[in-house]
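Student: Before we start, here is the structure in question, set down as structure tokens.
The values are calculated or read from the model by the stated rules, or taken from the named source; none is laboratory data. Only a predicted model underlies this, so the values are computations on that prediction, with no experimental measurement involved. When we count neighbours, we look across all protein chains shown, and the Cβ atoms used for this are built from the backbone with ideal geometry, even at glycine.
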Amino acid sequence: MNRTIENNIVELSGVITSEPVFSHEFYGEKFYIMTLEAKRTSGIADVVPLTISERLFKVEDKHVGLAVNVYGSFRSFNEHDETGNHLILSVFVQDIEEIITKVSGLDKNEITLIGFICKEPIYRKTPFGREVADVLLAVGRYYGKTDYIPCITWGRNAAFSSGLEVGTKIKIKGRVQSRIYKKKISDTDFEERIAYEVSASNIEVAD
């Protein structure tokens, strides 16, 4: 299995929480979407979407509840519908293996990205005074393609990243984070949705 993409590395350990749903076909190879739950040390779980080839697992088997290790990269693509363009994010699985004996508390959710800031960071403070900055990172892929990954930084990392210019090459380490939010669809109705981003624990300017 190819593990040479060093500017976009995701390593997960957790439990599969959904059965595979067909996503798309590329040159005769079918790809499916599943979700994996990885718990934080606080006990809160991040539910991470996986894009996985039919060549890496048996589609007809039952998968919910299966403990696995996953290696891959965080990818994005734009989906267009009647409401506009949407950035879709998922972990593209390059390697997956079953964990025969799942040990409680050993979930893993680590990501390393190296890319270029492609939009001016948005700095703000929470109602409790905590510093936050949103950073959109352009991470190169093979064949000239680029993944656009939203990242969120906190505290000193937020203050640091807010001063970086568009075009700066940076390295971010953190985890793939999922969060639920409510999207207003009418004056009286809201729709619950899930957003994905990288929660950065470390950020530095790259060479």
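Student: Please determine whether any residue of the stretch 20-37 is on the phi < 0 side of the Ramachandran plot and within 12 Å of the chain's Cα centre (by Cα).
Tutor: Yes, that holds for at least one residue.
Student: Let me ask something else about it. Taking the conditions exactly as written (among the charged types (D, E, K, R), closer than 22 Å to G167 by Cβ and at pLDDT 95 or above), does E120 satisfy them or not?
Tutor: Against the criterion (among the charged types (D, E, K, R), closer than 22 Å to G167 by Cβ and at pLDDT 95 or above), E120 qualifies.
Student: Looking at K169, is it of a type in the set (K, R), modelled with pLDDT under 95 and more than 21 Å from N109 (Cα to Cα)?
Tutor: Details: of a type in the set (K, R): yes; modelled with pLDDT under 95: no; more than 21 Å from N109 (Cα to Cα): yes.
Here the answer is no, as K169 does not meet what is asked.
Student: Considering every residue within the stretch 92-106, establish whether at least one is in contact with a Lys or Arg (Cβ under 6 Å, 6 or more places away or on another chain), under 19 Å from G174 (Cα atoms), touching a residue at least 12 places away in the same chain (Cβ under 8 Å) and not assigned by TED's automatic domain parsing to the domain that holds V198.
Tutor: Yes, some residue in the stretch 92-106 is in contact with a Lys or Arg (Cβ under 6 Å, 6 or more places away or on another chain), under 19 Å from G174 (Cα atoms), touching a residue at least 12 places away in the same chain (Cβ under 8 Å) and not assigned by TED's automatic domain parsing to the domain that holds V198.
Student: Identify, from the list I152, I122, I194, I185, the residue that is closer than 24 Å to I16 by Cα and outside the structural domain of A67 (by TED's automatic domain parsing).
Tutor: From the options I152, I122, I194, I185, the qualifying one is I194.
Student: If you don't mind, there's one more thing I want to ask. Do we find that E120 is in a strand (DSSP E or B) and over 19 Å from the mean Cα position of the chain (by Cα) in this structure?
Tutor: When the stated conditions are applied, E120 does not pass them.
Student: Every residue in the stretch 164-204 that is surrounded by 11 or more Cβ atoms within 10 Å (Cβ to Cβ), in contact (Cβ under 8 Å) with a residue 24 or more places away in the chain and either out of contact with any strand residue (DSSP E or B) (no Cβ under 9 Å at 6 or more places or on another chain) or more than 25 Å from A38 (Cβ to Cβ) (or both), please.
Tutor: Passing the criteria: L164, V166, T168, K169.
Student: Give me a count of the residues in the stretch 77-96 that are surrounded by fewer than 18 Cβ atoms within 10 Å (Cβ to Cβ) and either at pLDDT below 95 or not charged (D, E, K, R) (or both).
Tutor: Final tally of qualifying residues: 12.
Student: Also, quick follow-up: Only one residue in K58, K62 is touching a residue at least 40 places away in the same chain (Cβ under 8 Å), more than 20 Å from the chain's Cα centre (by Cα) and not assigned by TED's automatic domain parsing to the domain that holds I194. Which one?
Tutor: Criteria check complete, one pass: K62.
Student: A further question on this structure: Of all residues in the stretch 19-49, count the ones that are surrounded by fewer than 15 Cβ atoms within 10 Å (Cβ to Cβ) and either of a type in the set (D, E) or part of a loop (DSSP other than H, G, I, E, B) (or both).
Tutor: 10
Student: Kindly indicate the residue of the stretch 132-155 that is of a type in the set (D, E, K, R) and modelled with pLDDT of 95 or more and also farthest from I194 (Cα to Cα) among those meeting that condition.
Tutor: D147
Student: Follow-up question, since we're still on this one. Can you name every residue in the stretch 169-188 that is closer than 29 Å to L12 by Cα and more than 21 Å from the chain's Cα centre (by Cα)?
Tutor: none
Student: Can you tell which of I16, I52 is under 22 Å from Y148 (Cα atoms) and buried (at least 16 other Cβ atoms within 10 Å of the Cβ)? Don't jump to the end; show me each part of the working.
Tutor: On the way: I16 fails: under 22 Å from Y148 (Cα atoms).
Testing whether each residue is under 22 Å from Y148 (Cα atoms) and buried (at least 16 other Cβ atoms within 10 Å of the Cβ) leaves just I52.
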